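Scroll down for the structure; my scribbles are underneath it.
The values are calculated or read from the model by the stated rules, or taken from the named source; none is laboratory data. Predicted model, so just to flag it, every value in this text is computed and none were measured. Note that we place each Cβ from the backbone using ideal geometry, even for glycine, and neighbour counts take in every protein chain shown. Surface areas here come from the heavy atoms of the whole protein model, side chains and all, with no ligands, DNA or RNA. Shrake-Rupley method; radii C 1.70, N 1.55, O 1.52, S 1.80 Å.
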Amino acid sequence: MTTRHPSSDRFPVRNGELTVGGMPLSRLAARVGATPFYAYDRALLKQRVEELRAVLPSAISLHYAMKANPMPAVVCTMAGLVDGLDVASGAELRVALDAGMDPREISFAGPGKSEVELAQAVAAGILINIESVREVRLLADIASRLGCPARVAVRVNPDYELKSSGMKMGGGPKQFGIDAEQVPEVLAEIGGAGLGFEGFHIFSGSQNLRAEAICEAQTKGLDLAVRLAAHAPSQVTTVNLGGGFGIPYFPGERPLDLPAIGSHLHGIVESAGVRLPGAELVIELGRFLVGEAGVYVARVIDRKVSRGEVFLVTDGGLHHHLAASGNFGQVIRKNYPVQVGTRGHDAPREVASVVGPLCTPLDLLADRMELAAAQPGDLIVVFQSGAYGRSASPMQFLSHPAALEVLV
Ligand SMILES: *Cc1c(COP(=O)(O)O)cnc(C)c1O
């Protein structure tokens, strides 16, 4: 199997070496000063947003969910490209504000927000997606203590699931949001507490590659928002329809059919214009915006042959890139797209496993993959690493140095 992952077009090989943003990998490694590192390509971030804008109705606001990649330089770049940022913690909120994003266009979702985080959000003037009655009561106290209004939306745990989603985050019993059937009661409480109600947030899942499933979730999300609007204490001015747009990681996976989603959203905008006049429609994406723009790079330290199988031992691994090791939510381990970045496409090939320096067999970046034959000193590249990479990994495990990050 020598079919190349589409990512290798985004990071083309020139003179036998993979390039990131036009720079040969070994030169980039020297520029960074150490391996392992994550490298993100600014031009690819911009290109991705442009691709989306080309198919989305102009009335749809595009938000970046920054937990996918919270590197401050990435967030600054995204802040200049999208209409808003979604944060999942008080620390992410600080980065979003530092990036210069207008607080009116920042929203905060996530279960278990602390009192301090809620106060940060009220003081900043951002939109808080309420996930429990506890938050309603705390926000009422905080708003009166700080003497500034609390802007809120209700995050709804829908009464349906997003079909074929890699990670379900709504439907059935969930820790996220407020069950749709309880929302009318919570809306009454929000009205009674004098919070500034703005609308609904309905996010049902992540990493979906089926356009029909995403469209169906958007249709149902709007229907649900319309139903719940009847109970709202004031006019609905925003409806966040979530995201869930996936990217292809594994052999046989196909990129999302963006034009299909775009044309469906045109219908959604039209329908919302009639049923919820004046409401802004938002989609929030993390992985889809940044995932394909990043690579993880580790250096081969040792090459071993064990009972006839080749092992390339690198200075990076599971502690930096849990997802590529197959331990971040995957049910069956599959290889991420991996390439030897310092060998050309016509180099001799062999079957090898790429492992890290940790004392666990889980520390596996590639399991018996066909790769260019590599030696110590070569650089291994893991594609599709711009989202849920460094910040979603147990960096302290075994106390090796942290992975660096660069935006090229
Ligand atoms: C994580 C998250 C997202 C982003 O999900 P992706 O799959 O990365 O696009 C969006 N909204 C909320 C509420 C989230 O928790």
>> Tally up the residues in segment 236-264 that are open to solvent by less than 30 Å² (accessible area, probe 1.4 Å), touching a strand residue (DSSP E or B) at 6+ places or on another chain (Cβ under 6 Å) and more than 17 Å from residue 47 (Cα to Cα), please.
In response: 7
> How do the pairs read when you match residues in segment 32-60 that are closer than 30 Å to residue 300 by Cβ and modelled with pLDDT of 95 or more with residues anywhere that are of a type in the set (Phe, Trp, Tyr) and buried (at least 20 other Cβ atoms within 10 Å of the Cβ), using Cβ under 8 Å and keeping only pairs 6 or more apart or on different chains?
Replying inline: 36/296; 37/296; 38/296; 41/11
> Mind checking which residues of segment 200-216 are open to solvent by less than 20 Å² (accessible area, probe 1.4 Å) and in contact with a Phe, Trp or Tyr (Cβ under 8 Å, 6 or more places away or on another chain)?
Replying inline: 204, 208, 214
> For segment 191-209, how many residues meet the condition of being in contact with an Asp or Glu (Cβ under 9 Å, 6 or more places away or on another chain), within 11 Å of the ligand (Cβ to nearest atom), assigned to a loop (DSSP other than H, G, I, E, B) and not small (Gly, Ala, Ser)?
Replying inline: 1
>> If the requirement is being over 14 Å from residue 129 (Cβ atoms) and surrounded by 18 or more Cβ atoms within 10 Å (Cβ to Cβ), which of these qualifies: 193, 225?
In response: 193
> So which residues in segment 266-291 are more than 25 Å from residue 75 (Cβ to Cβ) and open to solvent by less than 30 Å² (accessible area, probe 1.4 Å)?
Replying inline: 268, 272, 276, 279
>> Condition check: open to solvent by 30 Å² or more (accessible area, probe 1.4 Å), at pLDDT 95 or above and at positive phi. Does residue 368 satisfy that?
In response: yes
> Picking from 19, 77, which residue would you name as being out of contact with any Pro (no Cβ under 7 Å at 6 or more places or on another chain), surrounded by 15 or more Cβ atoms within 10 Å (Cβ to Cβ) and under 30 Å from residue 319 (Cβ atoms)?
Replying inline: 77
> In segment 220-261, what count of residues is obtained for those that are within 16 Å of the ligand (Cβ to nearest atom), within 30 Å of residue 386 (Cα to Cα), of a type outside the set (Phe, Trp, Tyr) and not in a strand (DSSP E or B)?
Replying inline: 13
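This table checks each residue for (1) under 26 Å from residue 392 (Cβ atoms); (2) of a type outside the set (Lys, Arg); (3) at pLDDT below 95; (4) within 16 Å of the ligand (Cβ to nearest atom).
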{"site": "93", "(1), (2), (3), (4)": "yes, yes, no, yes"}
{"site": "129", "(1), (2), (3), (4)": "yes, yes, no, yes"}
{"site": "140", "(1), (2), (3), (4)": "no, yes, no, no"}
{"site": "175", "(1), (2), (3), (4)": "yes, yes, yes, yes"}
{"site": "182", "(1), (2), (3), (4)": "no, yes, no, no"}
> Among the candidates 272, 217, which residue alone is assigned to a helix (DSSP H, G or I), within 15 Å of the ligand (Cβ to nearest atom) and in the same structural domain as residue 138 (by TED's automatic domain parsing)?
Replying inline: 217
> Is there a residue being exposed (fewer than 15 other Cβ atoms within 10 Å of the Cβ) and in contact with a helix residue (DSSP H, G or I) (Cβ under 9 Å, 6 or more places away or on another chain) anywhere in segment 303-317?
Replying inline: no
> If you take the residues of segment 87-115 that are charged (D, E, K, R) and over 22 Å from residue 54 (Cα atoms), which of them is most open to solvent (accessible area, probe 1.4 Å)?
Replying inline: 104
> In segment 9-56, how many residues are of a type in the set (Lys, Arg) and over 24 Å from residue 340 (Cβ atoms)?
Replying inline: 4
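Can you spot a residue in segment 111-118 that is within 14 Å of the ligand (Cβ to nearest atom), under 22 Å from residue 386 (Cβ atoms), part of a loop (DSSP other than H, G, I, E, B) and touching a Phe, Trp or Tyr at 6+ places or on another chain (Cβ under 7 Å)?
no
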> If you go through segment 171-179 one residue at a time, do you hit one that is open to solvent by less than 60 Å² (accessible area, probe 1.4 Å) and over 16 Å from residue 111 (Cβ atoms)?
Replying inline: no
> Of all residues in segment 55-74, which are within 14 Å of the ligand (Cβ to nearest atom) and among the β-branched types (Val, Ile, Thr)?
Replying inline: 74
> When both residues are 6+ apart or on different chains and their Cβ atoms are under 7 Å apart, which pairs have a first residue that lies in segment 372-392 and is over 16 Å from residue 339 (Cβ atoms) and within 16 Å of the ligand (Cβ to nearest atom), and a second that is open to solvent by 10 Å² or more (accessible area, probe 1.4 Å) and part of a strand (DSSP E or B)?
Replying inline: 390/405
